[in-house]
Amino acid sequence: MNPFDLSGRTALVTGSTRGIGAAIAEALVQAGARVVVHGRDPNAVEATRHRLTLLGGAPLDAVSFDVTDHPALIEQVGALEERLGGLDILVNNAGMQFRAPVVEFPVAAWREVLDTNLTSAFVLAQQVAPGMLARQRGKIINICSVQNRRVRGTTAAYAAAKAALGTLGQSMCAEWAAAGLQINGLAPGYIATDLNAALLRDEQMNAWVLDRIPARRWGTPADVGGTAVWLASSASDYVNGQVIFVDGGLTAVV
């Protein structure tokens, strides 16, 4: 029996129309899961669902809402669970970034970053966990960041939100592990996606990244997707409350 096989399991991946979220959704589909594609733009959601459908496997579903609109989130996830008979895997990936020096950081922007990157994961878990607890199984994967451990200037809200997201996963583990749930963080490093295209084109920044990473390369979406499959599968059933760094060794060295 393949412990990485996700056949028969249903996964919701927030923010899965591009970047790391799209890579995770694709990896879960290839592992056999029925994936629910999510995003704010219904057209982008449908385009991603269509692209992933071409991979074959289990049928895909799709849902569109803003993760900071909590009433809409609660309504949509409730309807989704009723339609699909519950979710086995939740990947809290939706996020945003805002850069400014701490003394100039607008409070409204601080709240927006925390609401998108942290509070949405809290509210989503509140909606999904009761069904998982009733079934005595479930996987929650919170997408964290290397900034859980190593930060750069002007990213105070993002770093604070991601660090708190890792700790939130530990709190969920403390409450839900005995009921058969595993809650872990996945912290990507510098990943070569379209969202990082400007950094890849910046010769100085690219040289800095490659000099800092022991693996001497950027990560690929497949690097993140494989780790997500592991955390979503029965192969990680005794891994709980952890933050797994997928960064080529960046956070392991000085």
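The values are calculated or read from the model by the stated rules, or taken from the named source; none is laboratory data. Since this is a predicted model, take the numbers as computed values, not measurements. Neighbour counts are summed over all protein chains in view; Cβ atoms, including those assigned to glycine, are modelled from backbone coordinates with ideal geometry.
Things to note:
- Residue ID - farthest from GLY138 (Cα to Cα), chosen from residues in segment 59-112 that are crowded, with 17+ Cβ neighbours inside 10 Å and β-branched (Val, Ile, Thr): THR68
- You will find that of ARG40, ARG49, ARG9, ARG34, the residue that is modelled with pLDDT of 95 or more, surrounded by fewer than 20 Cβ atoms within 10 Å (Cβ to Cβ) and either basic (Lys, Arg) or within 15 Å of the chain's Cα centre (by Cα) (or both) is ARG40 and no other.
- Scanning segment 171-189 for residues that are among the small types (Gly, Ala, Ser) and either out of contact with any helix residue (DSSP H, G or I) (no Cβ under 8 Å at 6 or more places or on another chain) or not in a helix (DSSP H, G or I) (or both) yields SER171, ALA174, ALA177, ALA178, GLY180, GLY185, ALA187, GLY189.
- Residues in segment 44-59 that are in a helix (DSSP H, G or I) and out of contact with any helix residue (DSSP H, G or I) (no Cβ under 8 Å at 6 or more places or on another chain): 8 in all.
- Scanning segment 15-43 for residues that are within 22 Å of ALA197 (Cα to Cα), in a loop (DSSP other than H, G, I, E, B) and in contact with a helix residue (DSSP H, G or I) (Cβ under 7 Å, 6 or more places away or on another chain) turns up GLY15, SER16, THR17, ARG18.
- Qualifying residue in segment 33-55 (condition: in contact (Cβ under 8 Å) with a residue 60 or more places away in the chain and either touching a strand residue (DSSP E or B) at 6+ places or on another chain (Cβ under 7 Å) or at negative phi (or both)): yes
- Residues in segment 121-153 that are crowded, with 17+ Cβ neighbours inside 10 Å, touching a residue at least 60 places away in the same chain (Cβ under 8 Å) and more than 11 Å from LEU181 (Cβ to Cβ): 7 in all.
- Single condition ALA228 does not satisfy, out of (1) of a type outside the set (Phe, Trp, Tyr); (2) surrounded by fewer than 21 Cβ atoms within 10 Å (Cβ to Cβ); (3) in a helix (DSSP H, G or I); (4) in contact with a helix residue (DSSP H, G or I) (Cβ under 7 Å, 6 or more places away or on another chain): (2)
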